[in-house]
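Here's the structure, in structure tokens; my notes come after.
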């Protein structure tokens, strides 16, 4: 805390604040503006980016902070008690509570069991680096859960009732089932097939890698060949079959269409057929998710209402029951019908000629 | 009528056959529910169907291994019983087909009579060769791969992905299902509809006396 700083640190902090107020070319960390056009966060971050100066608990990464909506609001919107004499006044820059703005979420969270044991939002969400769900790699969202619920315990508890539990946990967000979302979105990521570490977990390709593959900042053109910002099933199929993409593959994650901080499990989540027999109706929306230069992700719609068709061209994802292919079904029925030729055809003539086999 | 009983199906073979039959029928029924859960729920919940299918699949895969081990290394008759000889392919196959599709209807005698050392006619040999050496091993292997997607993920992706694996498993299973229907039907073509079923249950087959030199284990009048 600031109260514990040695005098020399306080002097250094004041000096840094003063220095930050003097415009100096090249000092403003080109590439980001600390999140606000007016640069009103600059004076705060000039100290709070420095762990040595403010301590780890008060350190804020300008790079992470600049992407947040909170940065756009400015530090003083939440830290409304901070005085002009901070930190020399020795007072803590108290903050408003999250629920002052996020009333709906606070209301949902209040009925969750989590609210009893973890009442503080910042235990899961660092307000200085929080992202919208869509800006984060879907499975990274699970890291918030695994901070408390260890992966071993999650794996063990799901394995007690869920067949192929590891496959489910590797392809579905925790919140896909642990919220009452009625619909799902299939999020498709371009992933690297690391040939050198066969058998290990594969990773979503980052911006730099895809940029080198595309030879351009426009990495979307790796999939969106006609560059209409809309992904057709044909474009997904072409991506899979393009020999230049041998080191890449499409990885699909089932994400919820809507989330709730009530974290209640819908009754239908216990019923396998709510996904496996739902057919195309439950998953009408799918999207290609591509990394951005700043480490977040952008979305591009995949052909509407074609999630199941999209699944059929994603080699790493198969949803039993729902993913069944109609043409393949017809082929299967044809094969089985072939098996009936002998019983029916031969049996017919056998019946007609039964007198020939009667024994005297 | 004077008839002889020959001990055609030893106990291990019968155990294997009926275990296999139970397993494959279970696999077919649970497999249909797994693929068409919106229409079929005969095995209970989807989870039950999956667990039943996985269990039956492992039983059939072990049963197949038992069959192979028994015939290859215990009885040593694997090649003799299951692999058709050149003469059987060039001559016996046509003769057998001619019987099934013409002679049988005319009331002619079957050209082939099973013995413990030569159980299958050339048509059966050819069919079983394909079923037991190609279809069953591959449907088992693709099923085992589907049970182990995590560890095999990279290999499966290199081979075309899960979609290809499921397609192969499904097509092979359909071929096995088609064979099963023909298999059961052909088993009714004995002197009576159940004549070929009995030896697979009791081990003993009642045959009419054709040659004095036949190896007899028991006779009945």
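Need the failing condition index for residue A:355 against (1) modelled with pLDDT under 90; (2) within 54 Å of the chain's Cα centre (by Cα), just the number.
(2)
Would you check which residues across region A:176-190 are farther than 11 Å from residue A:269 by Cβ and either at pLDDT 90 or above or crowded, with 21+ Cβ neighbours inside 10 Å (or both) and list them?
A:184, A:185, A:186, A:187, A:188, A:189, A:190
Of the conditions (1) more than 7 Å from chain A (Cβ to nearest Cβ); (2) over 17 Å from the mean Cα position of the chain (by Cα); (3) not in a loop (DSSP other than H, G, I, E, B), residue B:190 clears all except one; give me its number.
(3)
Return the only residue of A:224, A:228 being away from chain B (no Cβ under 14 Å), buried (at least 17 other Cβ atoms within 10 Å of the Cβ), farther than 30 Å from residue B:40 by Cα and modelled with pLDDT of 85 or more.
A:224
If you take the residues of region B:193-213 that are modelled with pLDDT of 80 or more and more than 25 Å from residue B:101 (Cβ to Cβ), which of them is farthest from the other protein chains (Cβ to nearest Cβ)?
Going through the qualifying residues, I end up with B:203.
The values are calculated or read from the model by the stated rules, or taken from the named source; none is laboratory data. Fair warning: this is a prediction, and the values are worked out from it, not measured in the lab. Reconstructed Cβ throughout: ideal geometry from the backbone, glycine too, with neighbour counts over all protein chains shown.
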